[in-house]
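Worksheet: one structure, shown below.
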Amino acid sequence: MPELPEVETIARSLRRTAVGLRVEAVRLLWPKLLRGPAAGLRRLRGRRIVGVGRRGKMLLVSFEGDAHLLFHLKMTGRFHWMDRGAPVDRHTRLRIAFRDRARELRFSDVRKFAVLRLLDTPHPLESPALAGLGPEPLATPAPDLARRLVRRNGRLKSLLLNQAFLAGVGNIYADESLFAAGLHPLRAASSLSDDEALRLARAVQKILAAAVAAGGSTIRDYRDAEGMDGLFQRDHKVYGRRSEPCRVCGRPVERRVIGGRSSFFCPICQPLRPSGAAGRGHGRTSGSASLRGNGVRRRRSN
DNA sequence: GCCACTGTTAGCAT
DNA sequence: CATGCTAACAGTGG
């Protein structure tokens, strides 16, 4: 389900509604949700929620005393505010009740892919659970992202989905970004001209920012913690539009499986081989430095 | 009933 | 480093 814009929207929703509340009880209904001993959750009793954050597609709920719940929602993870006495849906995996509150926060997950970790550190963002993630697309200058792109060999589609390469982009926003950049999902990243790489970096940022502003995309299940639908699905140009006319050129949108994921693109607007004068070869933009070469050698992390 | 499909990703083989 | 396959699980739709 949720990619960066959806998780960001949920984080904002929880920030509005949950920060400041003091925990009365945490009940884990599906023990496998939590990586680590369930007993640890008892420590949260009596503590207030002091903040809600996001890193990539991970949601971080922070409590007093250096305790944090780190959620990965995977496909179908959702939060709901419910009356404490309301019937518990069969997909509810976790309940958090608060002092002096009639409503409790429930986490549900139909497919049981979601993962929860309890962190006890003053610096959760440096925890090993987040260590492998690539940069935050909206907090990294586009030229830096472009430089990373051009150093890789894989297909654009797979690279954008690779969380170690870039954190937070999933199937919807990868396809929408590639369309916005006019680049074919099968293009090798290393074949991009400097202009193309920069175009893609900016397209990713533009699409993600617009999606956050629209509250994410509601295709099926997704809602924020307050039950609100996202609206960005209305702006999808290619995702889920197989055989429908491209909104720019009118030709049918194509669907193909790439790297095991269904991929939607317009074969005219996103040609595999660049045509026309723009974007051919490895030419550098006049007056600006190349994204390639004369770079500092990367040292391998130990 | 069967089959294909789904917004994710870890693990393993090649 | 890249790619392909499987599995984790449940529901929906043809």
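Every number here is computed from the coordinates shown, using simple stated rules; none is lab data. Keep in mind that what you see is a predicted model, and the values were worked out from it rather than measured. No Cβ is skipped: glycine too gets one built from the backbone with ideal geometry, and neighbour counts run over all protein chains shown.
Please compute the modelled spin-label separation between A:Ala209 and A:Ala86, points set 7 Å along Cα→Cβ, answer in nm with one decimal.
Taking the simple label geometry, A:Ala86 and A:Ala209 are separated by 3.6 nm.
Label A:Arg101 and A:Asp66 with points 7 Å out from Cα along Cα→Cβ: what is the distance between them in nm?
2.5 nm
What's the Kirkwood radius of region A:101-141 in Å, using all Cα pairs?
13.8 Å
If you take the alpha carbon radius of gyration of region A:159-253 and divide it by 2.2 N^0.38 Å, what ratio comes out, to two decimals?
Compactness ratio reported: 1.13.
Between beta-carbons, use under 15 Å as the cut-off and find the net charge around A:Pro128, counting Lys and Arg +1, Asp and Glu -1.
Overall, the nearby charge balance is +1.
Starting from the Cα of A:Lys237, draw a straight line to each of the aspartates and glutamates and keep only those under 15 Å, dropping any in the same chain fewer than 8 residues away.
Candidates past the 8-residue exclusion: A:Asp175, A:Glu176, A:Glu254.
Could you give each residue of region A:230-243 its phi-based ³J(HN,Hα) in whole Hz, using Karplus coefficients 6.51, -1.76, 1.60 with θ = phi - 60°, and x for Gly or Pro?
For region A:230-243, the Karplus curve yields x, 10, 5, 4, 5, 9, 5, 9, 10, 4, x, 10, 3, 6 Hz.
State the three equivalent ellipsoid semi-axes of chain A, derived from the C-alpha gyration tensor as the square roots of 5 times its eigenvalues, in descending order and whole Å.
Computed over chain A, the values are 39, 22, 15 Å.
Check which residues have an amide H placed less than 5 Å from A:Val253's amide H, if you skip close sequence neighbours.
Placed amide hydrogens put A:Ser243, A:Glu244, A:Cys246 under 5 Å from A:Val253.
Projected onto the charge dipole of region A:95-213 (+1 at Lys/Arg Cβ, -1 at Asp/Glu Cβ, origin at the Cα centre), which of A:Leu118, A:Leu145, A:Leu166 gives the Cα projection farthest towards the positive end?
Sorting the options by dipole projection puts first A:Leu118.
One quarter of the convex hull surface, Cα atoms only: what value does that give for region A:1-91 in nm²?
Reported value for the Cα convex hull: 6.1 nm².
Give the average over all directions of the projected area of the C-alpha convex hull of region A:1-40, one decimal, in nm².
That works out to 4.2 nm².
Which of A:Met82, A:Met58 comes first, and how do the rest follow, when ranked by fewest Cβ neighbours within 10 Å?
If I rank by nearby Cβ atoms, fewest first, I get A:Met82, A:Met58.
Starting from the Kirkwood Rh over alpha-carbon pairs, what translational D in µm² s⁻¹ does region A:7-159 have by Stokes-Einstein at 10 °C and 1.306 mPa s?
It comes out at roughly 95 µm²/s.
Apply the Karplus curve 6.51 cos²θ - 1.76 cosθ + 1.60, θ = phi - 60°, to the phi angles in region A:18-25 and return the couplings in whole Hz, x for Gly and Pro.
Taking θ as phi minus 60°, the curve returns 10, 5, x, 6, 9, 5, 9, 7 Hz for region A:18-25.
What order do you get for A:111-124, A:250-263, A:63-76 when each peptide is scored by the mean count of other beta carbon atoms within 10 Å, highest first?
A:63-76, A:111-124, A:250-263
Report, in whole Å, the centroid distance computed from the Cα atoms of region A:152-224 and region A:51-118.
28 Å
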